[in-house]
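Student: One structure coming up, written as structure tokens, with questions to follow.
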Amino acid sequence: MSKILVTGGLGYIGSHTVVELQNVNAEVVVVDNLANTTLDVAGRIQKITGKPVTFYQVDVCDTPALEEVFEKEDISGVIHFAAYKAVGESVEKPVAYYQNNVSGLISLLHCVKKYKTKSLVFSSSCTVYGDTKESPITENHPIVEAISPYGTTKILGEEILTDFTKFCDTKVVCLRYFNPVGAHKSALIGELPLGVPSNLIPYVTQTAAGIREQLTIFGNDYDTPDGTNIRDFIHVVDLAKAHVKAVDYATSNPISLDVFNLGTGVGQSVKEVVETFERVNDLKLNYTYGPRRQGDVEQIWADASKAKNVLGWETEIELDEMMRSAWAWQQTL
Ligand code: WQD
């Protein structure tokens, strides 16, 4: 039976996507180098779905090892998550990000071309839109200069894929994520930031858990209703379900490459999110306001209508549940 290869499939979004693929009886093969996750996530996925995960500890940059997986497994489609993803870290380690994210994609494309893989879903990001003032953002918004090396690797990834599809029959779908948050309702899988979290929600939950002393909200002097940044927070399970739709679309549509924004279409401020977290979890969070963080976009949220109209997908989970599930997950750690 043909299988879907999920690179980075034991990571945060990857593991939730494997669950949703198994929920629709897809045969899944996972490769992960465990740089940003732990092996026990495979067992947790199996606890949720009742189905074993075929796993190979492989770094996608190790082309011979990746080829062995393609040789052994009948891979019809790939979902490519395996990449570094911290905007702030990428500014400190730009070369490591180019090496891992761009070379990893090139290594994968070598296998996709050699084994004539039918479809590839690429994990892209709203960071490709740069510091835009035009929210809600559609997929037609010009791709300008990224504001971080992480964003640059996603722009380069999309450009390489656009060119690649001219020379093979692989159908490609690029998914531009907004801000993934929350955790599976089982609280068996979720975001596992190693070290000090750079993203908002893990910092919020770790502050609530007493692991961090205090949350600093980076700037409350922006030109927004409450002065804090605005983002489009999307539950990771909604995001995962979009990948199942994207795999189906990639294999059934005539277009060689297509792009979708994955967000709720609703902008919410950092302050609103923190207050929602406090309300739904009935707790008081220790937070303060500090200076702006370099590289932050003032406000960005998705126009998600294309994914709704073309993929037949839209988000179902509201912010309250995002915050509730994030806290439930943190309390298991
Ligand atoms: C969100 C907001 C911060 C931490 C993320 C991913 C990126 C991409 C887009 C997928 C900002 C504020 C944060 C803190 C704070 N997603 N904040 N205090 O920068 O929007 O980017 O989404 O590809 O990969 O990183 O997310 O969670 O870092 O910040 O005030 O301690 O929260 O200023 O306004 P960001 P983030």
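The values are calculated or read from the model by the stated rules, or taken from the named source; none is laboratory data. Computed from a prediction, not measured in an experiment: that's the story for all the values here. Positions of Cβ are backbone-derived with ideal geometry, glycine not excepted, and every protein chain shown enters the neighbour counts. The accessibility values were calculated without ligands, DNA or RNA, using every heavy atom of the protein model including side chains. Shrake-Rupley method; radii C 1.70, N 1.55, O 1.52, S 1.80 Å.
Student: Determine whether segment 136-143 contains at least one residue that is open to solvent by less than 60 Å² (accessible area, probe 1.4 Å), over 25 Å from Val58 (Cβ atoms) and of a type in the set (Asp, Glu). Show your work before the answer.
Tutor: Restricting attention to segment 136-143, the residues satisfying the condition of being open to solvent by less than 60 Å² (accessible area, probe 1.4 Å) are 137-139, 141.
Of the ones still in play, those that are also over 25 Å from Val58 (Cβ atoms) are 137-139, 141.
In the following step, the residues that additionally are of a type in the set (Asp, Glu) were identified as 139.
Yes, segment 136-143 contains at least one residue that is open to solvent by less than 60 Å² (accessible area, probe 1.4 Å), over 25 Å from Val58 (Cβ atoms) and of a type in the set (Asp, Glu).
Student: Right, here's the next one. Report the residue count in segment 297-315 for those that are in contact with a Ser or Thr (Cβ under 9 Å, 6 or more places away or on another chain) and in a loop (DSSP other than H, G, I, E, B).
Tutor: Number satisfying all stated conditions: 8.
Student: Of everything in segment 318-333, what is open to solvent by 40 Å² or more (accessible area, probe 1.4 Å) and either over 14 Å from Val237 (Cβ atoms) or in a loop (DSSP other than H, G, I, E, B) (or both)? Give them in sequence order.
Tutor: Of the residues in segment 318-333, the ones open to solvent by 40 Å² or more (accessible area, probe 1.4 Å) are 318, 320-321, 324, 328, 331-333.
Within segment 318-333, Glu318, Asp320, Gln331, Thr332, Leu333 qualify.
Student: While we're looking at this one, here's another question. Look at segment 144-158 and say how many of its residues are surrounded by 18 or more Cβ atoms within 10 Å (Cβ to Cβ) and in a loop (DSSP other than H, G, I, E, B).
Tutor: Final tally of qualifying residues: 3.
Student: When you scan segment 71-95, how many residues do you find that are in contact (Cβ under 8 Å) with a residue 60 or more places away in the chain and either within 28 Å of Asp248 (Cβ to Cβ) or of a type in the set (Ser, Thr, Tyr) (or both)? Give the steps one after another, and end with the answer.
Tutor: First pass over segment 71-95, keeping only residues in contact (Cβ under 8 Å) with a residue 60 or more places away in the chain: 73-91.
Subsequent filtering for residues that are either within 28 Å of Asp248 (Cβ to Cβ) or of a type in the set (Ser, Thr, Tyr) (or both) retains 73-85, 90.
Result for segment 71-95: 14.
Student: So in segment 242-267, with the set limited to residues that are open to solvent by 10 Å² or more (accessible area, probe 1.4 Å) and in a helix (DSSP H, G or I), which one is farthest from the ligand (Cβ to nearest atom)? Break it down stepwise before answering.
Tutor: First, the residues of segment 242-267 that are open to solvent by 10 Å² or more (accessible area, probe 1.4 Å): 244-245, 247-249, 251-259, 264-267.
Subset that is in a helix (DSSP H, G or I): 244-245, 247-249, 251-252.
Values: Val244: 19, Lys245: 18, Val247: 19, Asp248: 22, Tyr249: 20, Thr251: 24, Ser252: 26 Å.
So, considering only residues that are open to solvent by 10 Å² or more (accessible area, probe 1.4 Å) and in a helix (DSSP H, G or I), the one farthest from the ligand (Cβ to nearest atom) is Ser252.
Student: With the requirement that a residue be part of a loop (DSSP other than H, G, I, E, B) and either away from the ligand (no atom under 16 Å from the Cβ) or surrounded by fewer than 17 Cβ atoms within 10 Å (Cβ to Cβ) (or both), what does segment 74-92 give you?
Tutor: At the first step, the residues of segment 74-92 found to be part of a loop (DSSP other than H, G, I, E, B) are 74, 81-86.
Within segment 74-92, Asp74 is the sole residue that qualifies.
Student: Can you report the number of residues in segment 159-179 which are within 20 Å of Lys116 (Cα to Cα) and open to solvent by less than 20 Å² (accessible area, probe 1.4 Å)?
Tutor: Of the residues in segment 159-179, 6 are within 20 Å of Lys116 (Cα to Cα) and open to solvent by less than 20 Å² (accessible area, probe 1.4 Å).
Student: I need the strands (runs of 3 or more DSSP E) fully contained in segment 1-73, keeping only those with at least 1 residues that are of a type in the set (S, T, N, Q) and crowded, with 20+ Cβ neighbours inside 10 Å.
Tutor: On the way: elements: 3-7, 28-31, 54-56.
The strands (runs of 3 or more DSSP E) meeting that bar are 3-7.
Student: Given the criterion open to solvent by 60 Å² or more (accessible area, probe 1.4 Å) and over 28 Å from Leu188 (Cβ atoms), identify the matching residue among Gln299, Gln294. Please lay out each step first, then the result.
Tutor: Working: Gln299 fails: open to solvent by 60 Å² or more (accessible area, probe 1.4 Å).
Of the residues listed, the single one that is open to solvent by 60 Å² or more (accessible area, probe 1.4 Å) and over 28 Å from Leu188 (Cβ atoms) is Gln294.
Student: Which one of these does Leu108 not meet: (1) open to solvent by 20 Å² or more (accessible area, probe 1.4 Å); (2) under 19 Å from the mean Cα position of the chain (by Cα); (3) over 26 Å from Ala302 (Cβ atoms); (4) not basic (Lys, Arg)?
Tutor: It fails just one condition, (1).
Student: Now for a different question. Just the residues that are open to solvent by less than 10 Å² (accessible area, probe 1.4 Å) and either on the phi > 0 side of the Ramachandran plot or touching a Lys or Arg at 6+ places or on another chain (Cβ under 7 Å) (or both), please, taken from segment 180-189. Working first, answer last.
Tutor: From segment 180-189, those open to solvent by less than 10 Å² (accessible area, probe 1.4 Å) are 181-183, 189; that's our starting set.
Correct list: Gly182, Ile189.
Student: Right, next: Please go through segment 111-130 and give me each residue that is within 16 Å of the ligand (Cβ to nearest atom), crowded, with 21+ Cβ neighbours inside 10 Å and not in a helix (DSSP H, G or I), ordered by number.
Tutor: Val121, Phe122, Ser123, Ser124, Ser125, listed by residue number.
Student: Check segment 277-288 and report whether any residue there is open to solvent by 40 Å² or more (accessible area, probe 1.4 Å), within 16 Å of the ligand (Cβ to nearest atom), more than 22 Å from Thr132 (Cβ to Cβ) and in a helix (DSSP H, G or I).
Tutor: no
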